[in-house]
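Undergrad: Input: one structure, supplied below.
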Amino acid sequence: MDELKEALLSSEARPTEQAAQLIKSSNYCIALTGAGISVESGIPTFRGYQGLWQKYDPLEYAHIKSFIKNPEKIWKVMYELDEIMQKARPNPAHFALSELEGKGYIKAIITQNVDNLHQAAGSRSVIEFHGNAKRLICLDCGKIYQREEIDRSVLVPRCKCNGLLKPDVVFFGESIPEEALNSANQEVNACDLMLTIGTSAEVVPANILPWEAKRSGAKIIEVNLERTNLTDEITDIFLKGSASQILTILLKEIG
Ligand code: NAD
Ligand code: ZN
């Protein structure tokens, strides 16, 4: 066990108090967020009970090959998802992260989410690791459209060049946008503290980021309803609870 873990375990402070201290004393703290942070905004996770993948097989519906083969079928689900995301608003966890950025404590958020809720909450330094569902991209010419520009009554939206339009999110079988990957790696190497919030840390390659951070000497604070494969391996402080509940407490403790 390293010195910090020992000190924390022997300390009488509550875990959130310890975490707040760690955030305050950090030089470069970043956050890695996942689907769990947006659950309280009304967006279900894909996995697990009531997850979308219970209804739709991801390899059938979220693989780039399936999309190209049968765009009509995939767009039907995409429209369904889009409706859920359009209704969603940032919750206290998104707002707390934005406030912590404003106070200078959080330097960047790397998000696996595609729901735009960090930006809607006012966070400025957001790396969209898996893209953003508000945008569409033409698979032929690469032109980007905003969702508002698209006629949603058509079964499959198309570009002016007649190319197939796809939500600008990373499907299975696609790689992470190079710019996002580079920026994320830079942030991970720069950080001395990483908050992982609402991520199962199972999706490759985003799940490698906390391990990379740890390897380069950063401490890890994990916020989740349940333990993950990070918890017993690299997490220094595990804060069990919902993202909005825990982030609200942290914000208060930080002052
Ligand atoms: P995941 O579904 O694999 O894991 C979600 C994690 O959040 C779980 O560990 C769960 O215990 C935890 N969780 C659930 N509710 C929570 C809450 N209220 N507070 C704190 N934690 C909570 O999510 P992932 O690791 O992000 O991987 C899923 C992939 O699917 C991502 O790549 C993402 O792109 C995509 N996705 C995005 C959205 C979105 O944009 N909102 C939604 C679903 C899935
Ligand atoms: Zn085009």
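The values are calculated or read from the model by the stated rules, or taken from the named source; none is laboratory data. What you see is a predicted model; the values in this text were computed from it and never measured. So basically every Cβ, Gly included, is an ideal-geometry build from the backbone, and we count neighbours across all protein chains shown. All accessible areas refer to the heavy atoms of the entire protein, side chains included, with ligands and DNA or RNA removed. Shrake-Rupley method; radii C 1.70, N 1.55, O 1.52, S 1.80 Å.
Undergrad: How many residues, within segment 144-165, are part of a strand (DSSP E or B) and either open to solvent by 60 Å² or more (accessible area, probe 1.4 Å) or under 17 Å from GLN112 (Cβ atoms) (or both)?
TA: So the count comes out to 3.
Undergrad: Kindly evaluate ILE249 against the criterion of being away from ligand 2 (no atom under 16 Å from the Cβ), within 15 Å of the chain's Cα centre (by Cα) and either basic (Lys, Arg) or not assigned by TED's automatic domain parsing to the domain that holds SER66 (or both).
TA: So ILE249 does not fit the description; no.
Undergrad: How many residues does segment 38-74 hold that are open to solvent by 100 Å² or more (accessible area, probe 1.4 Å), within 16 Å of ILE84 (Cβ to Cβ) and assigned to a helix (DSSP H, G or I)?
TA: So the count comes out to 2.
Undergrad: If you don't mind, another one. Yes or no: ASP168 within 16 Å of ligand 2 (Cβ to nearest atom) and either of a type in the set (D, E, K, R) or assigned to a loop (DSSP other than H, G, I, E, B) (or both)?
TA: Spelling it out, ASP168 is indeed within 16 Å of ligand 2 (Cβ to nearest atom) and either of a type in the set (D, E, K, R) or assigned to a loop (DSSP other than H, G, I, E, B) (or both).
Undergrad: Output the number of the condition that GLU178 fails; it satisfies all remaining conditions of (1) open to solvent by 70 Å² or more (accessible area, probe 1.4 Å); (2) among the charged types (D, E, K, R); (3) away from ligand 2 (no atom under 16 Å from the Cβ); (4) over 15 Å from GLN112 (Cα atoms).
TA: Exception for GLU178: condition (4).
Undergrad: Sticking with this one: Go through segment 120-144 residue by residue and tally those that are near ligand 2 (Cβ under 9 Å from one of its atoms) and either within 15 Å of the chain's Cα centre (by Cα) or of a type outside the set (A, V, I, L, M, F, W, C) (or both).
TA: 3
Undergrad: Residues that are at pLDDT 95 or above and within 16 Å of ligand 1 (Cβ to nearest atom): does segment 145-165 have at least one?
TA: Checked against the condition, which is being at pLDDT 95 or above and within 16 Å of ligand 1 (Cβ to nearest atom), segment 145-165 yields no hits at all.
Undergrad: Looking at GLN245, GLN186 in this structure, which one is open to solvent by 60 Å² or more (accessible area, probe 1.4 Å), in a helix (DSSP H, G or I) and more than 30 Å from GLN146 (Cβ to Cβ)?
TA: Criteria check complete, one pass: GLN245.
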